Amino acid sequence: MDETPELMSPEELALERRAKRSTLLSLGAVALAAAVLAGLAFVYVQRERERDLVQWQVRLGIVADSRALDIGRWVDDRFAVLRDIAQNLSVQLYMTNLELNAPQADADAVEGQYLRNLINATAMREGFLAQGQTAVDANVAPTGDSGLALLDANLKPLAVTPGMPNLPPAMQGAIAQAAAGHPGLMDMRIGTGGKPVIGFAMPVYAVQGDPGVSPAVGFVVGLRVVGDTFFERLRQPGDTVPTAENLLVRETEGMIDYISPLADGTAPLKRRLAANTPDLSAAFAIRDPGDFAERRDYRGTVVLATGRAVPQTPWVVERKVDRDTALAETDRRLSIMLTVIIVTILGIAAGAIALWRHGSSIRVSRLAIRYKVASELFEGLLQFVRTITDSQPSQIVVSDGAGRISFANRQFAEAWGIAVTATKGKTLADVIGPARANPIEEINRRVLATGAKESHVHTIERDGNALVFSSEHVPIPARPRRAPEVLVVMTDVTELDRARSRSEAVFAELIAALVGLVDRRDPYAARQSARAAEVSAAIATEMGLDEAMVATARRAGQLMNVGKITVPPEILTKTGPLTESEREALANSLNVSAEIIANVPFPGPVADTIRQIAEHWDGTGPLGLEGEAILVTARIVAVANAFVAMVSTRAYRDALGFDEACDALHAKEETAFDRRPVSALINIIDNRGGAERWAHFRTPPAV
């Protein structure tokens, strides 16, 4: 509990203000220092991190450019080899003569041998043929994965190197590129020997042909096994970063192919990952070559990565390095900064605590003086509160959300056979029993949650008697060192409840007698009111109305025909057509009924409900009320009364079937009747057993 200034001396007030001021200043200094240091550290580390990232972007980009250029130079060198053959004058003359079908005679054998020697020597020199092998005729069975070949315009082999395999289907695309005047490349694939193979194609033009314009008269094609020397070109000379890696990758049909061997030992073209793998660095490098970002590599490790496209190929060189390795120095600086900040804040906090303890020592001396006064004041206040509560006839108890009692008056303790001093600390369930305490505790928890006062009536069994209590539940806000609690005031209203029940019974008997008087005057309408009341209550319940509205609908249906006591019996029992005045007398009986009971204190608007029964949904009723302006209870009773009237025998007609009556009501929805009570009634008849429950309505009365 906060100390009140009224109880302090001027000296105590001065000491209190001084202690609070010192504490607040110390805490403010700690908070300000922490905020300034944290802000400076954050700005510094962010700038350092951004600077390091820019440096890594430049470093990775330089390496990626260098490796992509080297790989591209290797590919271009292979094209240059084929280009030298394609531009050889002897090759062009030979291909031109074939194209023109010129006579070859002995020159065919000589030039053919020359071409074989040419491609054999070139293959041996440029790595398209193993050392020591010689060229053979085109009809010799292939035995390897690499070699060179000369093809005519119809792709018929003219000369091939030993071991040159049949051209794979993928080579057709490279030849098509060559036919269009461009160097053709068959992308790297695994050959029959299990090693990566790449293919090249170059067009051969006639001696007087125009490259790129004239059609090719033949093609030079080459297949080459890609060995370790090719992948060694991905290594950056002098690279000292342990987690850095240069990869050759491509995207094929939604998959990322890792062309080069990986640091984890994976062989070339043996690792594939989906291109939509979240944050995959290789996919980023392929789709955004030249950009730089943090992504995850094939191991799932966070890396810094960039990419560069290799000219004349679908390949991309990805240069990456583990983020933790790259930014280790930045993270180390961050750790040092955080350590310095924490140590500084702890030092300032220690000073603040010292000042606070100094202020506390001042307060302790004052509290020692004031303790006795405060204790006596508290005891006097508690005795005052107990005197007031013990003088009340109600049971008063205060408990928290767990039902634990902090205060109870004498009436509560005596009612449940426990000493007042023994109630504190116990739960409601301990004192009055779990079955009785559960509903009270549930209400208390709801009151604590909403903060709104609630009133309830409970029936409690005790010593074989049913006792009725009204209870008020008032939330008590949280106080220093005290959780929120609820004040419960319980008053025994058993006798009042019994008196009310007796009054309601007498009232019900009077109403039944009055309705019975009306029924005796019109035998054909006998039980109409009771049945309309029953059906009205069922419809209101089906529509989900509360108990008060259900009771209002039932009571209005029961009393709506009371006004017929003013209608002559001969009109009520007349079998022929009614005159205009007779119809007005019957119609006015509802108003008479409402006037008769207008001053009876019903809980709900019974009189207004009866007065509006004849109103129509579309506003064509006698009072001109329309739609929602008509009381919902009046709309319900109107449907129930019409239904009961149609399924009951009258002096002038037989009873209708339930289906016929429902169809008739349905036909007048949104005109005479509200659709909702009609739908509720039909659902009761079809799905709630209403047809069986009300089957006796159709039985004619004994006249």
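The values are calculated or read from the model by the stated rules, or taken from the named source; none is laboratory data. Quick caveat, the model's predicted, so the values are computed rather than measured. Note that we place each Cβ from the backbone using ideal geometry, even for glycine, and neighbour counts take in every protein chain shown.
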*May I ask you to verify whether Arg333 is in a strand (DSSP E or B), basic (Lys, Arg) and touching a helix residue (DSSP H, G or I) at 6+ places or on another chain (Cβ under 8 Å)?*
no
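Kindly indicate whether Thr301 is closer than 25 Å to Glu50 by Cβ, polar (S, T, N, Q) and surrounded by fewer than 16 Cβ atoms within 10 Å (Cβ to Cβ). I'd like the intermediate steps shown before the answer.
Values: closer than 25 Å to Glu50 by Cβ: yes; polar (S, T, N, Q): yes; surrounded by fewer than 16 Cβ atoms within 10 Å (Cβ to Cβ): yes.
The answer is yes for Thr301.
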_Give me the residue from the range 248-264 that is touching a residue at least 24 places away in the same chain (Cβ under 8 Å) and more than 29 Å from Ala176 (Cβ to Cβ) and, out of that set, surrounded by the most Cβ atoms within 10 Å (Cβ to Cβ)._
Pro261
*Among (1) out of contact with any Ser or Thr (no Cβ under 8 Å at 6 or more places or on another chain); (2) not in a helix (DSSP H, G or I), where does Ser581 come up short?*
(2)
_Unmet criterion (only one of (1) outside any loop (DSSP other than H, G, I, E, B); (2) surrounded by 19 or more Cβ atoms within 10 Å (Cβ to Cβ)) for Leu234_ = (1)
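Yes or no, residue by residue, for (1) surrounded by 19 or more Cβ atoms within 10 Å (Cβ to Cβ); (2) closer than 30 Å to Leu98 by Cβ; (3) not assigned by TED's automatic domain parsing to the domain that holds Thr161:
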{"site": "Gly199", "(1), (2), (3)": "yes, yes, no"}
{"site": "Gln208", "(1), (2), (3)": "no, yes, no"}
{"site": "Val221", "(1), (2), (3)": "yes, yes, no"}
{"site": "Leu280", "(1), (2), (3)": "yes, no, yes"}
*From Ala309, Ala328, Ala350, Ala354, grab the single residue that is modelled with pLDDT of 75 or more and more than 26 Å from Ser260 (Cα to Cα).*
Ala328
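Return yes or no: is Val197 within 14 Å of Met171 (Cα to Cα), of a type in the set (A, V, I, L, M) and in contact with an Asp or Glu (Cβ under 6 Å, 6 or more places away or on another chain)? Reasoning before the result, please.
Working: within 14 Å of Met171 (Cα to Cα): yes; of a type in the set (A, V, I, L, M): yes; in contact with an Asp or Glu (Cβ under 6 Å, 6 or more places away or on another chain): yes.
So Val197 passes the test.
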_Regarding the range 383-400, can at least one residue be identified that is of a type in the set (Phe, Trp, Tyr), surrounded by fewer than 16 Cβ atoms within 10 Å (Cβ to Cβ), part of a helix (DSSP H, G or I) and modelled with pLDDT under 85?_
yes
_Enumeration of residues in the range 412-453 that are of a type outside the set (A, V, I, L, M), surrounded by fewer than 16 Cβ atoms within 10 Å (Cβ to Cβ) and assigned to a helix (DSSP H, G or I)_ = Glu414, Thr421, Pro434, Asn438, Pro439, Glu442, Arg445, Arg446, Thr450
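Can you confirm whether Leu623 is farther than 16 Å from Val535 by Cα and of a type in the set (A, V, I, L, M, F, W, C)? Step through it out loud before you land on a result.
On the way: farther than 16 Å from Val535 by Cα: yes; of a type in the set (A, V, I, L, M, F, W, C): yes.
The answer is yes for Leu623.
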*From the set of residues in the range 654-676 that are among the acidic types (Asp, Glu) and assigned to a helix (DSSP H, G or I), which is farthest from the chain's Cα centre (by Cα)?*
Glu660
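Of the residues Ala267, Ala293, which is surrounded by 13 or more Cβ atoms within 10 Å (Cβ to Cβ) and either within 36 Å of the chain's Cα centre (by Cα) or in a helix (DSSP H, G or I) (or both)?
Values: Ala267 fails: either within 36 Å of the chain's Cα centre (by Cα) or in a helix (DSSP H, G or I) (or both).
Being surrounded by 13 or more Cβ atoms within 10 Å (Cβ to Cβ) and either within 36 Å of the chain's Cα centre (by Cα) or in a helix (DSSP H, G or I) (or both) holds for just one of Ala267, Ala293, which is Ala293.
For the range 211-219, does any single residue satisfy the condition of being buried (at least 20 other Cβ atoms within 10 Å of the Cβ), of a type outside the set (S, T, N, Q) and under 52 Å from the mean Cα position of the chain (by Cα)?
Of the residues in the range 211-219, the ones buried (at least 20 other Cβ atoms within 10 Å of the Cβ) are 216-219.
Add one more test, that the residue is of a type outside the set (S, T, N, Q), and what stays is 216-219.
Still in the running and under 52 Å from the mean Cα position of the chain (by Cα): none.
No, every residue in the range 211-219 fails to be buried (at least 20 other Cβ atoms within 10 Å of the Cβ), of a type outside the set (S, T, N, Q) and under 52 Å from the mean Cα position of the chain (by Cα).
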*Look through the range 401-414, keep the residues that are among the hydrophobic types (A, V, I, L, M, F, W, C) and within 16 Å of Arg479 (Cα to Cα), and return whichever of them is modelled with the lowest pLDDT.*
Phe407
*How about the range 516-539: which of its residues are hydrophobic (A, V, I, L, M, F, W, C), modelled with pLDDT under 65 and touching a Pro at 6+ places or on another chain (Cβ under 9 Å)?*
Ala525, Ala526
*Of the numbered conditions (1) touching a residue at least 40 places away in the same chain (Cβ under 8 Å); (2) touching a Leu at 6+ places or on another chain (Cβ under 9 Å), Pro157 satisfies every one except a single condition; which is it?*
(1)
